1. Can you return the aspartates and glutamates within cross-link range of residue 56? Criterion is Cα-Cα under 19 Å, with same-chain partners fewer than 8 residues away left out.
2. So, by mean Cβ neighbours within 10 angstrom, what's the order for 50-56, 76-82 with the highest one leading?
3. Given Cα positions, please report Rg to Rh for segment 47-116, the hydrodynamic radius being the Kirkwood one.
4. Given R₀ = 22 Å, FRET efficiency for residue 89-residue 146 by Cβ-Cβ distance, to 0.05?
5. If I model segment 26-145 as equal point scatterers sitting on the Cα atoms and use the Debye formula, what is log10 I(q)/I(0) at q = 0.11 Å⁻¹?
6. Test of understanding: ordering 75, 136 by Cβ neighbours within 10 Å, fewest first, what list do you get?
7. Can you pick out the pairs among 46/114; 46/96; 97/140 whose Cα atoms lie more than 24 Å from each other?
8. For segment 26-145, give the magnitude of the charge dipole about the Cα centre (Cβ charges: +1 Lys/Arg, -1 Asp/Glu; no others), in debye to the nearest 20.
Amino acid sequence: MNLKRRTGGFLLAIWLFTAGAVGAEPQENFMMVINVHNDITSISRKDAELIFLNKKRSWPDGQNISVLINEAPITYDSFSHTVLRRSPHQFLIFRKKMLFRGQGMPPPTVKTDKAVIAFVSGNVGAISYVSSDAVTPAVKVIAVTQ
């Protein structure tokens with residue numbers, strides 16, 4: 001009887017632990033930003049993915065897209081999971097493979113929201129992402145739609 005009780009308790013603990021983990025979705029702790037002179041107001045998740053995977057290189061008006069990767073940990077993790085449907089590590093591997101296969105240079109990276117704001121505000125075709133509380137009037141926030 002004691003073995004059944006311990007086994008039941010163990011199984012209940014495992015179920016409670018996994019139920020919380022399975023139901024947890026990554027929070028969107030980022031805002032997609034572009035230059036204020038860009039006419040875009042929203043972007044589909046798929047188009048954003050194509051842009052950051054270097055498969056879409058120009059805006060609808062023909063302007064070249066300049067991508068910048070923000071490696072601030074929480075923002076990078078949220079962006080990678082939400083938009084790219086990859087972990088940050090998988091995205092890093094993708095960028096390294098892109099370079100070694102001769103498919104182009106991976107986008108430059110920075111580690112702060114401030115550096116992203118400076119880059120995006122100074123480049124008309126720029127796109128990147130910042131933490132939700134880092135947005136300034138120097139950049140334009142666009143919605144990421146499904």
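Only the coordinates and a few stated rules stand behind these numbers; no lab work does. Please read all numbers here as calculations on a predicted model, not as lab measurements. Cβ sites come from the backbone with ideal geometry, for glycine too, and all protein chains shown count toward neighbours.
1. Straight-line reach from residue 56, under 19 Å: 39, 47.
2. Numbers: 50-56: 16.9, 76-82: 21.0.
Peptide ranking by packing, descending: 76-82, 50-56.
3. Details: Rg = 12.1 Å, Rh = 12.7 Å.
Rg/Rh for segment 47-116 comes to 0.96.
4. Values: r = 25 Å, r/R0 = 1.12.
Once rounded, the FRET efficiency stands at 0.35.
5. -0.31
6. Working: 75 22, 136 11.
So the ranking, lowest neighbour count to highest, is 136, 75.
7. Values: 46/114 26 Å; 46/96 21 Å; 97/140 31 Å.
The pairs that break the limit, which is 24 Å between Cα atoms, are 46/114; 97/140.
8. Values: 14 positive and 9 negative charges, 121 e Å.
Using only the charged Cβ atoms, the result is roughly 580 debye.
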